[in-house]
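Visitor: To start, I am sharing the structure in question, which I have written as structure tokens.
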Amino acid sequence: MTLREAATAVRERAYAPYSRFKVGAALMSTTGAVHVGCNVENVAYPEGTCAEAGAIAAMIAAGDTRIAEVCVIADSPEPVPPCGGCRQKIAEFAGQEVKVTLCTTDGKKKVMTVAELLPGVFTSAHMDRA
Ligand code: THU
């Protein structure tokens, strides 16, 4: 199963009754394992979580810690970009060169790197004087 197929399958399980915008994310960790997540909304809207955050949580729960590749898919006119918070979450576990493939359910695709998604990322090095 490709990352795109895994993201497509988990997207179907998204809980998005408020936005009606289902998102699926699949990531491969550096061990080669695939971890998936979907968005999970809440009636208290800010409590909802993004698909990418779910996939990262699944990766950590499974014992992996580094991301090799990411794929995100949604039914949107253009490939869906991760929100700002998810860019920072991905950057916590991925190198700057890691590929993030943004997909639409009708076959559009845009490949970006973590560096392109989050230029000027905040890292632990910025806290070196703390
Ligand atoms: N969403 C994601 O899960 N990932 C993204 O990359 C963009 C947005 C979700 C959050 C919310 O449940 C819905 O899409 C609408 O914002």
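Visitor: Just one of Ile73, Ile56 is in contact with a helix residue (DSSP H, G or I) (Cβ under 7 Å, 6 or more places away or on another chain), touching a residue at least 40 places away in the same chain (Cβ under 8 Å) and under 20 Å from Thr2 (Cβ atoms); which is it?
Guide: Selected residue: Ile73, the only one of Ile73, Ile56 that is in contact with a helix residue (DSSP H, G or I) (Cβ under 7 Å, 6 or more places away or on another chain), touching a residue at least 40 places away in the same chain (Cβ under 8 Å) and under 20 Å from Thr2 (Cβ atoms).
Visitor: Being surrounded by 14 or more Cβ atoms within 10 Å (Cβ to Cβ), within 16 Å of the ligand (Cβ to nearest atom) and without any contact (Cβ under 8 Å) to a residue 40 or more places away in the chain is the filter here, so list the residues in segment 20-53 that pass it.
Guide: His35, Val36, Gly37, Cys38, Asn39, Val40, Glu41, Gly48, Thr49, Cys50, Glu52, Ala53
Visitor: So if I check each of Gly48, Gly24, Gly32, which one is under 10 Å from the mean Cα position of the chain (by Cα) and not hydrophobic (A, V, I, L, M, F, W, C)?
Guide: Gly24
Visitor: Which residue out of Val80, Val72, Val43 is at pLDDT below 95 and hydrophobic (A, V, I, L, M, F, W, C)?
Guide: Val80
Visitor: If you don't mind, there's one more thing I want to ask. Mind checking whether some residue in segment 8-15 is within 14 Å of the ligand (Cβ to nearest atom), on the phi < 0 side of the Ramachandran plot and under 9 Å from the mean Cα position of the chain (by Cα)?
Guide: no
Visitor: Ala74 passes all but one of (1) closer than 26 Å to Thr123 by Cβ; (2) near the ligand (Cβ under 10 Å from one of its atoms); (3) among the small types (Gly, Ala, Ser); (4) in contact with a strand residue (DSSP E or B) (Cβ under 6 Å, 6 or more places away or on another chain); which number fails?
Guide: (1)
The values are calculated or read from the model by the stated rules, or taken from the named source; none is laboratory data. Keep in mind that this is a model prediction, so the values were computed, not measured. Neighbour counts run over all protein chains shown; Cβ positions are idealised from the backbone, glycine included.
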